[in-house]
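Enquirer: The structure under discussion is supplied below as structure tokens; questions concerning it will follow.
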Amino acid sequence: FAKQLNIDQAVLARELSMRELERFKDTQVPLEVFVHGALCVAYSGQCLTSESLGRRSANRGECAQACRMPYEMFVDGEQRDLGDKRYLLSPQDLAAVDEIPRLIELGIRSFKIEGRLKTPEYVAGVTQVYRKAIDRALANQPAPASDADRYALEMTFSRGLYPGWMHGVNHQELVGAYYGKKRGPYVGQVARIIDADTLELDELHIAMKPGDGVVFENLSDTNYEQGGSVYEMRGSALSFRHGLLRMQDVQIGMRVFKTSDPALNRALRQSFEGDIPIRKQRKLDLHVTGQVGEPLRVQSGANAVTSNMPLQTAMKRPLTPGAFIEQFNRLGGTEFELGEVQFDVVGEVMLPISELNRMRRDLIAEWTGGDASPAPAAPVTETLESMMPSRGTSDDSPFQLHALCRTQAHVDAALVLGVPRLYLDFEDIRLYADAVKQIKARSETAQVWLATPRIQKSGEAGFFKLIQRAESDGVLIRNLGAMSFFQDAGIPMTGDFSLNVANPLTAEILKKSGLERLTISYDLNIEQVVDLLAAAHPAWFELTLHQHMPMFHMEHCVFAAFLSEGTDFTNCGRPCDKHRVHLRDRVGMHHPLKADVGCRNTLFNAVAQTGAQFFDELREHGLRCFRVELLEENADEA
């Protein structure tokens with residue numbers, strides 16, 4: 001599918017093991033993998049927690065870090081004592097530096113370092129370590145990361161370093177559950193309180209020096225922890241400035257972690273700042289021209305560069321002289337400084353910032369005789385307006401209300417009310433075939449559609465075959481692999497919310513791929529939904545009007561991690577089949593936790609979201625198809 005869209009490079013899911021990555025070895029699309037940084041507990045693009053709780057879309061870069069918050073577990077209505085384990089959804093950070101040689105063997109072309117809201121020192125330190133690992137591997141001299149490199153990785157930022165899913169699923173190790181924020185390297189345990197400003201550790205597990213920062217782990221309340229910079233060292237005794245610590249809150253046996261190393265930070269800053277500023281010797285006077293439908297041209301003396309795409313009419317932020325100067329004034333690390341700029345661009349136009357940056361680099365290369373950018377791709381001639389689908393004629397078809405049912409009680413209620421289409425979303429999809437037969441025997445008119453799992457890995461196509469053999473009226477498609485499978489099977493398909501249909505271009509691509517209807521993304525608010533209906537044919541869409549929002553969708557199994565000693569589905573004993581589990585958040589809401597056929601977990605919002613108040617407005621904008629999703633409701637509630 002990605003190759004058909006002319007995708008130049010595909011980023012693989014972080015939840016893949018090395019064995020699973022081997023199956024991509026012969027793919028024709030260049031591949032990129034995550035190798036370091038914070039691990040989202042939810043699949044990328046499948047986290048609706050920030051949207052559900054705070055109207056911030058994590059899928060569009062506005063994550064509120066709900067996975068790093070404390071939760072309490074309730075099993076069959078009773079609170080489960082997990083001791084000091086409170087951060088049940090907070091994975092350790094990914095560190096796959098020792099996997100670099102094998103990843104290169106598998107043909108991985110690009111390595112991704114997560115750096116959201118991190119410091120420049122973090123970027124410098126982590127990049128240095130992985131650059132060395134890549135260079136060693138390419139020189140056929142692979143070696144594990146040195147102690148100094150591991151120290152740099154831990155010190156710049158770490159919630160604990162772990163290979164993630166690289167070695168396969170291990171639900172006992174992925175989430176430590178004791179904290180959700182930075183810790184750093186382990187220093188030692190408090191052995192003795194000497195006086196109001198001095199304490200002694202059992203031993204020093206890493207080197208310490210005055211000026212280094214530490215934190216004293218308080219597992220009962222990680223939001224209230226003592227810590228600060230060390231003032232003086234004597235053996236394993238640490239002294240602090242008078243009054244810095246509340247020593248009465250420091251207890252014997254507390255673990256101590258190193259949180260800052262000023263000397264390391266200075267060395268890392270030196271790597272990208274340097275001591276000697278570059279002397280600016282040349283001024284660049286620029287003449288900028290262009291108009292809608294033509295490339296942007298920047299002339300500087302005898303040198304000139306043009307954009308690889310035509311200028312488009314600006315919808316929101318036009319390219320102003322100030323915006324242009326802001327990008328072209330970024331000449332740090334060169335001998336140039338910006339001179340006079342003559343800006344003769346006609347009309348309000350737009351051009352991506354990335355294209356302006358490329359043009360700036362290429363112009364510098366023209367002056368210096370270097371090659372600042374890769375060979376340009378073929379010029380883009382299509383405009384956004386030309387790619388938009390036609391809206392079509394108005395739709396006078398009758399309104400439809402569909403129901404997604406997760407239990408037999410839901411099915412019974414929907415049939416009594418004469419719901420025309422039932423989507424079945426059972427944890428055990430082996431029950432689908434019998435359910436279809438029973439519903440068909442009870443109703444001559446009700447359509448039965450079956451939901452696929454949200455995630456499909458290599459080797460899991462058997463789930464699709466079970467759905468196909470159930471002989472339903474159609475399939476609710478939740479991933480692109482399912483779409484490909486059922487395209488070939490010739491079964492009617494509706495795309496679900498997990499396909500992230502949030503704009504008309506995505507909608508048109510999926511419609512052309514054989515989906516007869518598309519569920520509007522749960523990331524959109526009412527204004528954005530109306531904009532989508534105005535930009536594409538409303539008959540394409542279905543909207544979920546009532547539901548418990550599926551917040552986290554995870555490879556990590558919370559049932560196995562905290563209700564068993566098992567590492568995966570082969571030895572966990574399937575506590576998900578035996579218990580009802582809810583996670584209580586900081587404000588007292590009990591969020592239901594469910595497992596699916598692939599042992600992946602979904603945490604649903606405790607409070608149902610309804611859009612009933614917008615029904616008339618949506619109807620006026622042409623929407624005809626709506627859905628109600630049921631979760632834990634009994635028959636009467638359903």
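Enquirer: Can you work out the FRET efficiency for the pair ASP428 and ASP396, with r the C-beta to C-beta distance and R0 = 35 Å, to the nearest 0.05?
Expert: For ASP428 and ASP396, the calculated efficiency is 0.30.
Enquirer: Check LEU284: other-chain or 5+ apart residues with amide H under 5 Å from its amide H, H built from backbone geometry?
Expert: GLU337, LEU338, GLY339
Enquirer: Taking the simple approach of a point 7 Å from Cα along Cα-to-Cβ for both GLN468 and GLN487, what is their distance in nm?
Expert: 1.5 nm
Enquirer: Let me have the relative contact order for segment 507-638, percent, based on Cα pairs under 8 Å that are six or more residues apart.
Expert: Once normalised by length, the contact order is 32 percent.
Enquirer: Shifting gears a bit: Please report the net charge: other residues with Cβ closer than 12 Å to the Cβ of GLU51, K and R +1, D and E -1.
Expert: +1
Enquirer: Now, a different point. Per DSSP H run of at least 4 residues, take -39500 (n - 2.57); add these up for the chain, divide by its residues and hand me the 222 nm value, nearest 500 deg cm²/dmol.
Expert: Per the formula, -7000 deg cm²/dmol.
Enquirer: Enter the Cα centre distance for the pair segment 537-563 and segment 488-523, rounded to the nearest angstrom.
Expert: Distance between centres, Cα-based: 16 Å.
Enquirer: Once each part is reduced to its C-alpha centroid, what is the distance from segment 24-43 to segment 594-631 in angstrom?
Expert: 30 Å
Enquirer: With a cap of 14 neighbouring Cβ atoms within 10 Å, and only residues DSSP puts in a loop, list the GluC sites (Glu not before Pro) found in segment 180-263.
Expert: GLU203
Enquirer: By DSSP, what percent of the beta bridges with both residues in segment 10-162 are antiparallel, rounded to the nearest 5?
Expert: Rounded to the nearest five, the antiparallel share is 35 percent.
Enquirer: Now a separate question. Using DSSP to define loop residues, name the chymotrypsin sites (Phe, Trp or Tyr not before Pro) in segment 185-266 whose beta-carbon has at most 14 other beta-carbon atoms within 10 Å.
Expert: Here the sparse-neighbourhood loop sites are TYR224.
Enquirer: How about segment 23-96: which trypsin sites (Lys or Arg not before Pro) there lie in a loop by DSSP and see at most 12 other Cβ atoms within 10 Å?
Expert: Counting only loop positions with at most 12 other Cβ atoms within 10 Å, the trypsin sites (Lys or Arg not before Pro) in segment 23-96 are LYS25, ARG55.
Enquirer: Please work out how much length the chain gains when fully extended from ASP221 to SER458, using 0.36 nm per residue of separation minus the C-alpha to C-alpha distance, in nm with one decimal.
Expert: 81.1 nm
Enquirer: Write down the percent of antiparallel bridges among all DSSP beta bridges whose residues are both part of the chain, to the nearest 5.
Expert: The antiparallel fraction comes to roughly 55 percent.
Enquirer: Cα-based Rg of the chain per 2.2 N^0.38 Å, rounded to two decimals?
Expert: 1.11
Enquirer: Moving to a separate point now. According to a simple spin-label model (label point 7 Å from Cα along Cα-to-Cβ), what is the distance in nm between THR368 and ALA534?
Expert: Here the modelled spin labels are 4.7 nm apart.
Enquirer: Suppose each label sits 7 Å from its Cα in the direction of the beta carbon; what would the VAL607-ARG282 distance come out to in nanometres?
Expert: 6.1 nm
Enquirer: Can I ask one more? Work out the FRET efficiency for THR320 and ASN6 from their Cβ-Cβ distance, taking R0 = 35 Å, and round it to the nearest 0.05.
Expert: Calculated transfer efficiency: 0.60.
Enquirer: Compute the FRET efficiency between GLN408 and GLU385 as 1/(1 + (r/R0)^6), taking r as their Cβ-Cβ distance and R0 = 56 Å, and round to the nearest 0.05.
Expert: Efficiency, from the Cβ-Cβ distance: 0.65.
Enquirer: Kirkwood Rh over alpha-carbon pairs of segment 186-273, then Stokes-Einstein at 25 °C and 0.890 mPa s: what D in µm² s⁻¹, rounded to an integer?
Expert: Estimated diffusion coefficient is 183 µm²/s.
Enquirer: Follow-up question, since we're still on this one. If contacts are Cα pairs under 8 angstrom and at least 6 residues apart, what is the relative contact order of the chain in percent?
Expert: 13 percent
Enquirer: Let me ask something additional. Any idea what the relative contact order of segment 10-162 is, in percent, if you count C-alpha pairs under 8 Å spaced at least 6 apart?
Expert: Relative contact order for segment 10-162 comes out at 25 percent.
Values quoted throughout were computed directly from the atomic coordinates according to the rules given, and no laboratory measurement underlies them. None of these values were measured; they are calculated from a predicted model. Please note: Cβ atoms are built from the backbone with ideal geometry, for glycine as well, and neighbour counts cover all protein chains shown.
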